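Everything below concerns the one structure shown next.
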Amino acid sequence: MGTRPDQRSVDPAAAAMLKISDREGFDTAWSRLEAQQPQCGYGQLGTCCRNCSMGPCRIDPLEEGPRRGVCGANADTMVARNLARMAAAGASAHSDHGRKVALLLKDVASGRNTDYTIFNPDKLMVVAARLGIATEGRETLEVAGDVADVAIACFGAQGEETIPFSTSYMPEKRLELLKDLEGTLAEMTGARIGLMPRGIDREVVDIMHRTHFGCDADPLSLVAQSLRCSLGDGWGGSLIATECQDILFGTPTVRTIKANLGVLDTDMVNLVVHGHEPVLSEKVLEWARSPEMTEAARAVGAKGVNVVGLCCTGNELLMRQGVNVAGNLLHSELAIMTGAVEAMVVDVQCIFPSLADLSSCFHTRFITTSEQTNIPGALHIQFEEHDANAIARRIVQTAIDAFPGRNAAKVYIPQETEEAMVGFSVEQILAALGGTPDPLVEVIANGTIKGVVGIVGCNNAKVQQDFFHLSLTRELIKRDILVLGTGCWAIAAAKAGLMNLDAQQQAGPGLKAVCEQLGIPPVLHMGSCVDCSRMLVLTGALADHLGVDTAALPVVGSAPEWTTEKAVAIGSYFVGSGLPVHLWPVPPILGSPVVTKILTESAKDLLGGYFFVEEDPVATADRMEAIIMEKRVGLGLEK
Ligand code: MSK
């Protein structure tokens, strides 16, 4: 590698593992990125199209080549179509996750699945009431069946109406604004361009249709449909995932966990769960903790089974069950290189195919479980919800069976871990505030806290791992801006100790005082990628409480090390919900000045939310603080 390990990651545990990786010659995301240089400039600008077989076509932004593809599509059309397809793929991943949980809830309610139960009937009743479903005097399973029916219907709805999850959860003024925009956009373009999500699946299909050869060529309507589809993710699919998971597995509560590779234990069978869906990992955890499996582990010389998480499966388990987390996206290969992982069990999304080859260099069983994530070289144990206990037991036993094959000479576990206070669901945040948003509103109104930034997203090998996440977070809390978020950002913050109470010392005087009074860190873990819906719900609650639109709030979003198409959908539904959103790296849109202008300027006029790009964390914090101060002036909180 041309770069030192500490240039690739700011995490000392990662740097230690990368030294081993360089010495042993293991392939990693970093080495593969290096091998890909120089990367395609057309792809980076978004000006290549392979949507038909007359292509692939590309447009040179320096205007030295053809200005149109074979069909006549120009750079604006290409960029907008490519962006729309990214949003559709991202929304599909989140929403398909939500669908599976809704279907499981239905099966539990009807008695078809007895391997799971309704763990949280209180949340069920709250969700039902919000959806207008009668709860008074009704059996839990009956209400659960009705909630599941409404959720399932949101995916396949065929009409023009907005899905009930969106109408029931969106804050009032945002709902009105998005409805009214249909008229505004019709006046601007003469076309019917809606933003309120109809059926979740329909919005994805709409994008695939309108980006098909010979359909929509207008960058404005293509961007609008990207937003609509993404809003169907945020206020639909992801929200359904979060709410149904809370009903089935419990609403997260505040607890303390440990984060980083040091959570792997030399004396235990280490079973790493990775991916996104807790339906499998909850069961694996249950079985790993069972007396039967503990005994089986002891029989092979281990002290027990140590389940730890990675990425968002890790976030789901830490939020509800207090399970330690081994790391974020770029730690997935590093965890296997410790030589101490008996099994890495994956479900869907963010799973490098390289993990299969890498596992074969060790005794590690790399176990895929989803029909949607088949990886050559993996051991596939198909997970079926209706047979969850038997399959989870088999998976744990497979990990235990691998333990005797561990080669002690190959084991190196970096000892780094940090404690993190996690589990800040909206319910827990409100509970910490005494049951009402009033205290938060008050400290924002009197300037003790200037505003709130929600950070989401991934690691990206193009950015020094965790550097942007941590620098930006530290810079913001120093300025009395509360930071909360999800996904791999949250794990980065946990690994760096920003989620323990000592981190209060890094906050500005106002934020520090508030955190000390409430007994919370200045950086709040709100969950996994689908739990970005929790941030929407919290923002909506603040807006409704103040009787303003979300765009008026001193709240900004960021995805500073984004990687996946899901991040495009998340950023888009934040923008559609009225929030300014920072992105780094640059999304593939710069090949079209028109699309760039729509997303960074016109969106601000129409929606209040818009994207901005900035590569330096301090400059990003400066920009965010300026936006927050502007919003504060708008609310009459500053002169
Ligand atoms: S796991 S989507 S790398 S946050 Fe949700 Fe991390 Fe991004 Fe995957």
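All of the numbers you see were taken from the coordinates with simple rules; none came from a lab. Since the model is a prediction, treat every value here as computed from it, not as a measurement. Backbone-built Cβ (ideal geometry, glycine too); neighbour counts: all protein chains shown.
A few comments on the model shown:
- Debye log10 I(q)/I(0) at q = 0.14, 0.16, 0.20, 0.22 Å⁻¹ for region 458-583, Cα point scatterers: -0.61, -0.80, -1.22, -1.39
- Scoring 28-39, 264-275, 231-242, 482-493 by mean Cβ neighbours within 10 Å over their residues and listing the highest first yields 231-242, 482-493, 264-275, 28-39.
- Shape class of region 261-410 from the alpha-carbon gyration tensor: rounded, with the ratio a/c of largest to smallest axis under 1.5.
- Exposure proxy order (Cβ contacts within 10 Å, fewest to most) of Ser230, Ser53, Ser168: Ser53, Ser168, Ser230
- Multiplying the residue separation of Thr114 and Asp267 by 0.36 nm and removing their Cα-Cα distance gives an extension gain of 51.6 nm.
- The simple Förster model, with R0 at 22 Å and r as the Cβ-Cβ distance, assigns Lys639 and Val441 a FRET efficiency of 0.65.
- Extension gain for Met629-Leu430 works out to 69.2 nm (0.36 nm per residue, less the C-alpha to C-alpha distance).
- Coordinate range of the alpha-carbon atoms in the chain per principal axis, descending: 73, 67, 53 Å.
- Translational D in µm²/s for region 340-435 (Stokes-Einstein at 4 °C, 1.567 mPa s, Kirkwood Rh from C-alpha pairs): 81 µm²/s
- Taking each of Lys173/Lys478; Lys179/Lys604; Lys19/Lys410; Lys450/Lys639; Lys258/Lys283 in turn, the alpha-carbon distance tops 23 angstrom for Lys173/Lys478.
- Gyration tensor (alpha-carbon) shape descriptor, region 110-181, a/c threshold 1.5: prolate
- Ranked from largest, the principal axis spans of the Cα set of region 276-335 equal 33, 24, 16 Å.
- Cα-Cα pairs of region 421-635 separated by more than 30 Å (percent): 14 percent
- Taking the three principal axes of the alpha carbon atoms in region 12-58, the coordinate ranges are 48, 18, 16 Å, sorted in descending order.
- Distance from the Cα centroid of region 152-167 to that of region 49-93 is 30 Å (rounded to whole angstrom).
- Radius of gyration and Dmax over the Cα atoms of region 75-248, both given in Å: 17.6, 59
- Segments 569-580, 371-382 sorted - mean Cβ within 10 Å per residue, highest first: 569-580, 371-382
- For the chain, the relative contact order comes to 17 percent (Cα pairs under 8 Å, sequence separation of at least 6).
- Long-range HN-HN contacts of Arg365 with modeled amide H, under 5 Å: Ala343, Met344
- Per-q log10 I(q)/I(0), region 512-571, q = 0.14, 0.18, 0.20 Å⁻¹ (Debye; single scatterer per alpha-carbon; no solvent): -0.54, -0.85, -0.99
- Legend: ranking of residues His582, His469 from fewest to most surrounding C-beta atoms inside 10 Å; resulting order His582, His469.
- Using the Karplus relation 6.51 cos²θ - 1.76 cosθ + 1.60 with θ = phi - 60°, the per-residue 3J(HN,Hα) values for region 95-100 come to 6, 5, 4, x, 4, 5 Hz, with x marking Gly and Pro.
- Spin-label proximity, Arg138 to region 105-128 - amide N less than 20 Å from point 7 Å beyond Cα toward beta carbon: 105-113, 117-128
- Summarising the overall dimensions of region 47-168 from its C-alpha atoms, the Rg and Dmax are 22.6, 72 angstrom.
- Per-residue ³J(HN,Hα) for region 125-139, Karplus 6.51 cos²θ - 1.76 cosθ + 1.60, θ = phi - 60°, Hz, x for Gly and Pro: 5, 5, 5, 4, 4, 5, 7, x, 8, 5, 10, 4, x, 9, 5
- A simple spin-label model places pseudo-atoms 7 Å from Cα toward Cβ; at Ser53 and Glu182 they are separated by 3.9 nm.
- The equivalent ellipsoid that matches the C-alpha gyration tensor of region 474-534 spans semi-axes of 20, 11, 10 angstrom, in descending order.
- Residue-wise HN-Hα coupling along region 184-193, computed from phi with Karplus coefficients 6.51, -1.76, 1.60 (Hz; x: Gly, Pro): 4, 5, 5, 5, 5, 10, x, 10, 7, 10
- Averaged over residues, the count of other Cβ atoms within 10 Å places the peptides 132-145, 612-625 in the sequence 612-625, 132-145, highest first.
- DSSP-defined beta bridges in the chain - what % are antiparallel, rounded to 5: 15 percent
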